[in-house]
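Written out below as structure tokens is the structure these notes cover.
The values are calculated or read from the model by the stated rules, or taken from the named source; none is laboratory data. Since this is a predicted model, take the numbers as computed values, not measurements. A quick note on method: Cβ atoms are made from the backbone with ideal geometry, for glycine too, and the neighbour counts reach across all protein chains shown.
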Amino acid sequence: MPENIVIIGAGQAGIQAVESLRKEGFMGPITMVGDEAYPPYQRPPLSKAYLLGAFERARLFLKADNYYAEAGCELILNTSAKAIHRADRIVELNDGRKLPYDKLLLATGARVRKLRCPGADLPGVHYLKTIADVDGLQAVFQAGKRIAIVGGGYIGLEVAAVGAKRGLDVTVFEAMDRLMARAVSPVLSDFYAKEHERAGVKLMLKTGVEAFEGNGKVERVIAGGKSYDADIVLVGIGVVPCDELAVAAGLACSDGIVVDQNARTGDPHIWSAGDCTRHVGREGHEIRLECVQNAIDQAKHAALSMVDKHKTYSEVPWFWSDQYDLKLQIAGLARPTDTLVLRGDPASRKFAVFHLRDGAVAAVEAVNAAPEYMIGKKLVGEGKKIAAETLADTSISMKQMA
Amino acid sequence: MKYKVTYIENSGKAHTVEVADGWSLMEGAVKHLIPGIDADCGGACACATCQVYVAPEWQDKLPPKSDMEEAMLDFAPDVKPASRLSCQLRMGPELDGIVLHLPKTQHA
């Protein structure tokens, strides 16, 4: 009997594992279990082109319908896993089915962090994570409507940009003193604040939301002691890892399922990859990454390890965000103590911020600046030392620094 | 409407498939399980892992490269003058029958 593999989670990491397992020659049966109604799909366009209506649903799916049969992957949708019985190597599903496994991959992803405040459960308060979420939002996402966005991070700002484009009256409430504070350096926060204001988006910084009010549906946002009228609310305040199954099964978890650099948990039969994991990053610190890059790369490493070809996961993390006609691309993980080097002029809407740590390029944030991003990513991977004056000098091309 | 595209793997194996009007040639390859196009970012022009080599007779039927595509391509592996990022190429009647060759690898 060939070994069989069960994958819990039908997202970007899960499907990558299927693809990589087959590429690495794994011949046994694969079963993938997903709790949504859809086969694996891309989430990044949800808050961008899909919300705008510029991207039909069929284009979101990562694989063609016939992929699963061709790949010998049984797809069980609309179903969640209820428990992992490690001693018997069985996954129990919420419909009572029991799936025996030889090897198990937990690719359970993350779920939206819910806002806890009075009125948070009123109809009209939306979150954005799934196709169903966006379909629900889209039904009311119309020109002239007032949308209050809670959270000035990637999701909130991408929705703000689409909303402004679609003619909604957009207000963003952010508790911190700048936008995307967790993800980007202050230069970019300020730059994006100006871009959003220019598009007509109202930004309320240092303004935490205290409550929602309304008669049967949300009508007002109470923030910073004031009341703001709103037809729609979109909350984008981050995600939390889906690690409950692993916790209940007694696997080590700490705000995420703890895995090593081969995506292994402490159980020799169980791996985990994607947003749900906590792993030791390439800089030696425990991190949790919420991004497509980590889903893809960690799942590739999990698949390799599952077929006994172990390779240390040390890829440079990368991220992107589309707002208006601005493409933000980031490589590496910044730290507050990094030395920042600005290359180019933000006023030209094409620039980059390099982060130097002990003289080496540790991260790059690039706006409409692909060479800075692509070469920057390479420099981060190599830990290359480059003088700040050189990086800042736009008469020296990025290629010359590679 | 759907139009024909022929993807030729690095091994020489050809796949002729139909791609819907308005879809990208990267999406066409992914939907038809053509090996050799990774498209890690899903078409956002953020990863440069969907490179193709456009057959000579089709090159001038394509729109020029954007600055972003040009810059991303600079750093893809084995780039040639015929290289394009297939996520940036949209299917339409003028491309009916286009032939695309796939590189050996999408990852440098």
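Residue count for the range A:191-237, restricted to those that are assigned to a strand (DSSP E or B) and in contact (Cβ under 8 Å) with a residue 12 or more places away in the chain: 18. Summed over the range A:228-277, the residues that are of a type in the set (Phe, Trp, Tyr) and surrounded by 23 or more Cβ atoms within 10 Å (Cβ to Cβ) give a count of 1.
Flag not set for A:LEU99, criterion: more than 11 Å from chain B (Cβ to nearest Cβ), over 24 Å from A:ASP267 (Cα atoms) and in a strand (DSSP E or B).
Looking only at the range A:325-341, count how many residues are in a loop (DSSP other than H, G, I, E, B) and either more than 14 Å from chain B (Cβ to nearest Cβ) or in contact with a strand residue (DSSP E or B) (Cβ under 7 Å, 6 or more places away or on another chain) (or both). The number of residues fulfilling the criteria is 6. Within the set A:VAL380, A:VAL364, the sole residue that is part of a strand (DSSP E or B) and in the same structural domain as A:GLN329 (by TED's automatic domain parsing) turns out to be A:VAL364. With respect to being buried (at least 18 other Cβ atoms within 10 Å of the Cβ), at pLDDT below 95 and farther than 30 Å from A:VAL367 by Cβ, B:ILE98 falls outside the description.
Return yes when A:VAL18 is within 14 Å of chain B (Cβ to nearest Cβ), in contact with a strand residue (DSSP E or B) (Cβ under 6 Å, 6 or more places away or on another chain) and either among the β-branched types (Val, Ile, Thr) or without any contact (Cβ under 8 Å) to a residue 40 or more places away in the chain (or both) and no when it is not. Yes, satisfied. Within the range A:286-329, the residues that satisfy the criterion of being under 22 Å from A:LYS378 (Cβ atoms), surrounded by fewer than 18 Cβ atoms within 10 Å (Cβ to Cβ) and of a type outside the set (S, T, N, Q) are A:ILE287, A:LYS311, A:GLU315. Residues in the range B:74-95 that are modelled with pLDDT of 90 or more and either under 9 Å from the mean Cα position of the chain (by Cα) or buried (at least 19 other Cβ atoms within 10 Å of the Cβ) (or both): B:SER83, B:ARG84, B:LEU85, B:SER86, B:CYS87, B:GLN88, B:LEU89, B:MET91, B:LEU95.
Residues in the range A:368-386 that are away from every other protein chain (no Cβ under 12 Å) and surrounded by 23 or more Cβ atoms within 10 Å (Cβ to Cβ): A:VAL380 alone. For the range B:23-37, residues that are assigned to a loop (DSSP other than H, G, I, E, B) and more than 9 Å from chain A (Cβ to nearest Cβ) total 3. Scanning the range B:48-67 for residues that are at the interface with chain A (Cβ under 8 Å from one of its Cβ atoms) and either within 27 Å of B:SER11 (Cβ to Cβ) or crowded, with 21+ Cβ neighbours inside 10 Å (or both) yields a single hit, B:ALA48. Residues of the range A:46-96 that are assigned to a strand (DSSP E or B) and closer than 30 Å to A:LEU326 by Cα: A:PHE61 alone.
Scanning the range B:68-108 for residues that are within 23 Å of B:GLY12 (Cα to Cα) and of a type in the set (S, T, N, Q) turns up B:SER83, B:SER86, B:THR105, B:GLN106. Exactly one residue among A:VAL140, A:VAL170, A:VAL159 is touching a residue at least 24 places away in the same chain (Cβ under 8 Å), on the phi < 0 side of the Ramachandran plot, surrounded by fewer than 19 Cβ atoms within 10 Å (Cβ to Cβ) and out of contact with any Phe, Trp or Tyr (no Cβ under 8 Å at 6 or more places or on another chain), and that residue is A:VAL140. Scanning the range A:99-137 for residues that are in contact (Cβ under 8 Å) with a residue 12 or more places away in the chain and among the small types (Gly, Ala, Ser) gives A:ALA107, A:GLY109, A:ALA110, A:GLY119, A:ALA120, A:GLY124, A:ALA132.
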